[in-house]
Amino acid sequence: MKAVLSLSGGMDSSSLLLHLLAKDYSVTALSFNYGQKHKVELQKAESLVAYLQEKGLPVVHQIIDLTTH
(Lines give C-alpha, C1' and ligand atoms only; values in the text may rest on other atoms or scores of the structure.)
Protein backbone atom coordinates (compact mmCIF):
# COMPACT_ATOMS: atom_id res chain seq x y z
CA MET A 1 0.00 0.00 0.00
CA LYS A 2 1.14 3.53 -0.71
CA ALA A 3 0.37 6.85 0.95
CA VAL A 4 1.26 10.50 0.41
CA LEU A 5 1.54 12.59 3.56
CA SER A 6 2.01 16.29 4.18
CA LEU A 7 4.77 16.25 6.82
CA SER A 8 5.21 19.48 8.73
CA GLY A 9 7.61 18.01 11.27
CA GLY A 10 5.17 18.63 14.11
CA MET A 11 3.70 16.01 16.41
CA ASP A 12 0.50 15.35 14.46
CA SER A 13 1.98 14.68 11.04
CA SER A 14 4.97 12.82 12.51
CA SER A 15 2.62 10.55 14.47
CA LEU A 16 0.56 9.90 11.36
CA LEU A 17 3.74 9.01 9.44
CA LEU A 18 4.67 6.46 12.12
CA HIS A 19 1.12 5.07 12.12
CA LEU A 20 1.16 4.58 8.34
CA LEU A 21 4.53 2.86 8.47
CA ALA A 22 3.28 0.57 11.26
CA LYS A 23 0.37 -0.36 8.97
CA ASP A 24 2.87 -1.38 6.23
CA TYR A 25 2.40 1.62 3.96
CA SER A 26 5.19 2.94 1.77
CA VAL A 27 5.03 6.67 2.39
CA THR A 28 5.97 9.67 0.30
CA ALA A 29 6.22 12.58 2.72
CA LEU A 30 5.98 16.11 1.37
CA SER A 31 7.06 19.17 3.34
CA PHE A 32 6.64 22.75 2.25
CA ASN A 33 9.09 25.63 2.64
CA TYR A 34 6.88 28.68 2.34
CA GLY A 35 9.41 31.11 3.79
CA GLN A 36 8.50 30.54 7.42
CA LYS A 37 10.75 32.33 9.92
CA HIS A 38 11.24 29.26 12.10
CA LYS A 39 12.38 26.31 10.05
CA VAL A 40 12.81 24.02 13.04
CA GLU A 41 9.84 21.87 12.00
CA LEU A 42 11.35 21.28 8.55
CA GLN A 43 14.59 20.26 10.26
CA LYS A 44 12.64 17.91 12.54
CA ALA A 45 10.91 16.37 9.52
CA GLU A 46 14.26 15.80 7.79
CA SER A 47 15.76 14.27 10.94
CA LEU A 48 12.81 11.95 11.48
CA VAL A 49 12.81 10.72 7.89
CA ALA A 50 16.59 10.18 7.94
CA TYR A 51 16.24 8.13 11.12
CA LEU A 52 13.41 6.03 9.69
CA GLN A 53 15.34 5.45 6.45
CA GLU A 54 18.37 4.30 8.46
CA LYS A 55 16.07 1.72 10.06
CA GLY A 56 15.07 0.50 6.60
CA LEU A 57 11.52 1.84 6.62
CA PRO A 58 9.91 2.72 3.28
CA VAL A 59 9.64 6.50 3.43
CA VAL A 60 10.72 9.08 0.86
CA HIS A 61 10.83 12.79 1.72
CA GLN A 62 10.69 15.82 -0.52
CA ILE A 63 10.73 19.47 0.53
CA ILE A 64 8.85 21.66 -1.91
CA ASP A 65 10.13 25.23 -2.06
CA LEU A 66 7.28 27.70 -2.38
CA THR A 67 9.40 30.79 -1.76
CA THR A 68 9.96 33.31 -4.51
CA HIS A 69 13.54 33.92 -5.57
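With all protein chains present, how much of the accessible area of the chain (probe radius 1.4 Å) comes from carbon and sulfur, to the nearest whole percent?
Numbers: 2670 of 4850 Å².
Its accessible area is 55 percent carbon and sulfur atoms.
Under the Karplus relation 6.51 cos²θ - 1.76 cosθ + 1.60, θ = phi - 60°, what is the ordered set of whole-Hz ³J(HN,Hα) values for region 29-40, x standing for Gly and Pro?
Rounded to whole hertz, the list is 9, 10, 10, 10, 9, 10, x, 4, 5, 9, 9, 4.
Please report, in whole Å, how far the alpha carbons of region 25-69 spread along each principal axis, starting with the longest.
35, 17, 14
About the Cα centre of the chain, what is the dipole size in debye to 20, counting +1 per Lys and Arg Cβ and -1 per Asp and Glu Cβ, all else neutral? Present the calculation step by step, with values, prior to reporting the outcome.
Details: 6 positive and 6 negative charges, 7 e Å.
It works out to roughly 40 debye.
Given the chain, what count of lysine pairs have C-alpha atoms under 29 Å apart, with each pair 8 or more places apart or on different chains?
Values: Lys2/Lys23; Lys2/Lys39; Lys2/Lys44; Lys2/Lys55; Lys23/Lys44; Lys23/Lys55; Lys39/Lys55; Lys44/Lys55.
Close lysine pairs under the 29 Å cut-off: 8.
In nm, to one decimal, how far is the modelled label at Val4 from the one at Ile63, with both set 7 Å along Cα→Cβ?
Taking the simple label geometry, Val4 and Ile63 are separated by 2.1 nm.
Between region 40-69 and region 4-18, what is the C-alpha centre distance in whole Å?
10
Would you compute, from DSSP H runs of 4+ residues alone, the mean residue ellipticity of the chain at 222 nm, taking -39500 (n - 2.57) per run and dividing by the full residue count, rounded to the nearest 500? Write down the numbers at each step before the final one.
On the way: 2 runs with 27 residues, N = 69.
Helix-only estimate at 222 nm: -12500 deg cm²/dmol.
Find the relative contact order for the chain and round it to a whole percent, using C-alpha pairs within less than 8 Å whose residues are 6+ positions apart.
Details: 102 pairs, mean separation 25.7, N = 69.
Relative contact order for the chain comes out at 37 percent.
With θ set to phi - 60°, apply the Karplus curve 6.51 cos²θ - 1.76 cosθ + 1.60 along region 21-28 and write out the HN-Hα couplings as whole Hz, x wherever there is a Gly or Pro.
Rounded to whole hertz, the list is 5, 5, 8, 6, 7, 8, 10, 9.
The values are calculated or read from the model by the stated rules, or taken from the named source; none is laboratory data. These numbers come from a predicted model, not from an experiment. As a convention, Cβ positions derive from the backbone with ideal geometry for all residues, glycine included, and neighbour counts pool all protein chains shown. Note: accessible area is taken over every heavy atom of the protein model, side chains too, but ligands, DNA and RNA are not part of it. Shrake-Rupley method; radii C 1.70, N 1.55, O 1.52, S 1.80 Å.
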